[in-house]
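Values quoted throughout were computed directly from the atomic coordinates according to the rules given, and no laboratory measurement underlies them. What you see is a predicted model; the values in this text were computed from it and never measured. Don't worry about glycine lacking a Cβ; one is built from the backbone with ideal geometry, like all the others, and counts go over all protein chains shown.
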Amino acid sequence: MRDIIQQIQQTKAASSQIAKLSSKDKKQMLLTLVDCLQQHEKDILEANRRDIIVAKKRGYSSAFLDRLTLSEKNFIGMVKQLKTVASFTDPVGEVIEQRILNNGIHLHMRSIRACSSDSSRAHAPDW
């Protein structure tokens, strides 16, 4: 259980760092992940097969086994989806909503980079 908690903490820390990256760096990170997955496809699928064997021996439900199973087709789809996400325009800085107030002020709400701590996180207004 300690390992899982540590992995969750590391994932949270990593997500904060990724959020601070430039659009170019985020795209490169995703494409590097694609390359890594493709290079290790056989190892990943073999590890998944071993996980399935262990889960069956431990009596996990068929529904759980279905969710755990990573087929070659699903793996290829996952890699394809990562490539698709990498091709998207980064939404940081885009106008999410805009309007003109009664007093003539132009109000624009833009997406922003995530802040590193909850205390400094910007919040969108309630409209």
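What about Leu82, is it of a type outside the set (Asp, Glu), over 19 Å from Ser111 (Cβ atoms) and surrounded by 12 or more Cβ atoms within 10 Å (Cβ to Cβ)? Against the criterion (of a type outside the set (Asp, Glu), over 19 Å from Ser111 (Cβ atoms) and surrounded by 12 or more Cβ atoms within 10 Å (Cβ to Cβ)), Leu82 qualifies.
Contact annotation: residue pairs with Cβ atoms under 6 Å, 6 or more positions apart or on different chains, pairing a residue in segment 3-17 that is surrounded by 10 or more Cβ atoms within 10 Å (Cβ to Cβ) with a partner that is hydroxyl-bearing (Ser, Thr, Tyr), are Ser16/Ser116.
Ser61 fails exactly one of the following numbered conditions: (1) under 28 Å from Ile18 (Cα atoms); (2) loosely packed, with under 13 Cβ neighbours inside 10 Å; (3) polar (S, T, N, Q). What is the number of that condition? Single failed check for Ser61: (1).
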